[in-house]
Amino acid sequence: MEAVPPLYRVAGTAGPQGDEDRLGVPDGPGAPLDELVGAYPNYNEEEEERRYYRRKRLGVLKNVLAASAGGMLTYGVYLGLLQMQLILHYDETYREVKYGNMGLPDIDSKMLMGINVTPIAALLYTPVLIRFFGTKWMMFLAVGIYALFVSTNYWERYYTLVPSAVALGMAIVPLWASMGNYITRMAQKYYEYSHYKERDEQGPQQRPPRGSHAPYLLVFQTIFYSFFHLSFACAQLPMIYFLNHYLYDLNHTLYNVQSCGTDSQGILLGFNKTVLRTLPRSGNLIVVESVLMAVAFLAMLLVLGLCGAAYRPTEEIDLRSVGWGNIFQLPFKHVRDFRLRHLVPFFIYSGFEVLFACTGLGLGYGVCSVGLERLAYLLVAYSLGASASSILGLLGLWLPRQVPLVGGAGVHLLLTLGLFFWAPAPRVLRHIWILYVAAVLWGVGSALNKTGLSTLLGILYEDKERQDFIFTIYHWWQAVAIFVVYLGSSLPMKAKLAVLLLTLVAATASYLWMEQKLRRGVVPRQPRIPRPQHKVRGYRYLEENSDESDAEGVHGGSSGGGLGDCVEEEAPPAGPRPGPEPAGLCRRPCPYKQALGGDGPEEE
């Protein structure tokens, strides 16, 4: 009977092929140690480094796409739910049958007040929240608050809708400020990973050339706003596939409407109080709200699972360590910068034009003349036009940076002048193509405006210590503009168009004046960012031995802990010392310098 060969080879014994394996390395006790544990013979360090940074760049692209998709889904769910909710609550029959004397109009007015008024205070807390939680976690928490607002619509009561609307209003500015900061940081990181060889030659402490990340920033902002403007189309899906089947046609809803467009006053004066032919079943409403809730959770998961951190851990520590009082004050101190002061009119106009697209153009011109059932298609035309036209922002790669921003302002200027003299007749469909063309062109101007402004801020303020403050100021002024529109919703359309026109002209002139100042070499006055003041007790992992206790750090020099390999020093004499402490042989580098990779004293 033949002996069965062992299943596994015995260590140190020769194999069936002899004393050498397939790689030609001798086996057994005589095998050279260097051949077994040494470096891989075919290892190419340069190729591995190239692959590593390619993976890093793909990770940055993944972050940008995930943040863009998360923002699109979040805003789309919010707008779609709010639009459907306001239409249902507007109908008299729905209110009386479903809720009786609960006072839905009063609840809706307080809910809109919470959404539009609360962001006015956002300048006080947004930078503190972003620095405390971090950019990524601020995005996640804000998206979670949007999901909370969606969930309260399962049980529509005063004590659910109004508090969630106030919480939503508090989250609006932090969400979009952290989004703008995140996209800008991704562009800077992509530049670092694309030019890693130059960074190695210059040294880790050397800043990249100013404006070097601008091409990547332009591309990433184009991607972000292409997704963002699609949220207006996503918001219309509940209308198109659900609510439009229950609406009366325009002959019923517009029966008492006498004037539209530039001759109208307020919002849909004379609009019929009943817009629903039949009331939707509660089960169908729950299904639609559940789908919206699932999409909101998907947005949360996208931000949580696919978005990486905007800063390294040591950078997060530095950003927090400038002091919470300084973080609170710095947004106000940036008003000294003439560039921000010149851009404030554009920030305000940016808020005006988005709301005018939805309320002025969509309701005052669209619904007033062609009926509520066509509102969704008008906003889809605006959304698709804006999303596709965001690609025009890439013209900044070849043209001066003023061209996209001033070009979008020019498109809006011509449209505003045309709308100022146009009053479409109610219940007439032959001019509907003009409405679609106006919606698409307004989307073109919106895309150039949003992409140009965000890119300009990322280029002018590329210091990572300032970006969250700058984007907070930008989106806070947008929130102020939306609040002003909310207060002036009952004004005549001519007054709204005149305010829009004056703001646009002032914004364009102020921006061109700023560019002229920069060409003349006027130096902006920026507030000084305080140096990080690290508390060693709070960030002990930055020390050389992070496992030592406080007592070991003081008394453990002789046992090998704390001072490590330093030469032991004598104890200092008791009593006050006449001068500054001399730098001894064992002086450990400060945590700030350790975090940055340096090893010198704290002063530079």
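Observations, loosely collected:
- Scanning the range 274-315 for residues that are open to solvent by 70 Å² or more (accessible area, probe 1.4 Å) and closer than 30 Å to Gly180 by Cβ returns Val291, Phe297, Leu298, Leu301, Leu306, Arg312, Pro313.
- Residues that are over 28 Å from the mean Cα position of the chain (by Cα) and loosely packed, with under 12 Cβ neighbours inside 10 Å, drawn from the range 514-528: Gln516, Arg519, Arg520, Gly521, Val523
- Test: residue in the range 214-231 that is at positive phi and at pLDDT below 90: no
- The set of residues in the range 481-508 being outside any helix (DSSP H, G or I) and not aliphatic (A, V, I, L, M) consists of Gly488, Ser489, Ser490, Pro492.
- Residue match in the range 445-459 (condition: surrounded by fewer than 19 Cβ atoms within 10 Å (Cβ to Cβ) and more than 30 Å from Ser264 (Cβ to Cβ)): yes
- Criterion violated by Gln478 - all others in (1) touching a residue at least 12 places away in the same chain (Cβ under 8 Å); (2) out of contact with any helix residue (DSSP H, G or I) (no Cβ under 8 Å at 6 or more places or on another chain); (3) of a type in the set (S, T, N, Q) satisfied: (2)
- Some residue of the range 68-78 being in a helix (DSSP H, G or I), closer than 30 Å to Asn284 by Cβ, modelled with pLDDT under 90 and hydroxyl-bearing (Ser, Thr, Tyr): no
- Test: Glu92 is surrounded by fewer than 18 Cβ atoms within 10 Å (Cβ to Cβ) and closer than 28 Å to Thr359 by Cα: yes
- Annotation note: Cβ proximity below 9 Å between a residue of the range 81-103 that is part of a loop (DSSP other than H, G, I, E, B) and a residue that is at pLDDT 90 or above and buried (at least 17 other Cβ atoms within 10 Å of the Cβ) (sequence gap 6+ or interchain) occurs for Asp91/Val275; Asp91/Leu276.
- When Leu269 is tested against (1) open to solvent by 70 Å² or more (accessible area, probe 1.4 Å); (2) under 24 Å from Gly80 (Cα atoms); (3) modelled with pLDDT of 90 or more, only condition (3) is not met.
- Screening Ser164 on (1) open to solvent by less than 20 Å² (accessible area, probe 1.4 Å); (2) modelled with pLDDT under 90 shows it passes everything except condition (2).
- For the range 238-251, a residue qualifies if it is closer than 30 Å to Gly418 by Cβ and assigned to a helix (DSSP H, G or I), and the qualifying residues are Met239, Ile240, Asn244, Leu250, Asn251.
- Some residue of the range 38-51 being part of a helix (DSSP H, G or I), at pLDDT 65 or above and closer than 30 Å to Asn272 by Cα: no
- Filter result (of a type in the set (Gly, Ala, Ser), surrounded by 18 or more Cβ atoms within 10 Å (Cβ to Cβ) and under 30 Å from Asn101 (Cα atoms)) within the range 121-160: Ala147
- Single residue of the range 391-440 satisfying the filter (open to solvent by 60 Å² or more (accessible area, probe 1.4 Å) and not hydrophobic (A, V, I, L, M, F, W, C)) that is nearest to Thr451 (Cα to Cα): Arg401
- Evaluated against (1) surrounded by 17 or more Cβ atoms within 10 Å (Cβ to Cβ); (2) under 30 Å from Ala425 (Cβ atoms); (3) touching a residue at least 60 places away in the same chain (Cβ under 8 Å), Ser231 falls short on exactly one condition, (2).
- Counting the residues of the range 141-177 that are aromatic (Phe, Trp, Tyr), more than 21 Å from Gly80 (Cβ to Cβ) and either in contact with a Cys (Cβ under 6 Å, 6 or more places away or on another chain) or touching a residue at least 40 places away in the same chain (Cβ under 8 Å) (or both) gives 1.
The values are calculated or read from the model by the stated rules, or taken from the named source; none is laboratory data. From a predicted model like this one, the values you see are computed outputs, not experimental measurements. For neighbour counting, all protein chains shown are included, and Cβ atoms are generated from backbone atoms with ideal geometry for every residue, glycine included. All accessible areas refer to the heavy atoms of the entire protein, side chains included, with ligands and DNA or RNA removed. Shrake-Rupley method; radii C 1.70, N 1.55, O 1.52, S 1.80 Å.
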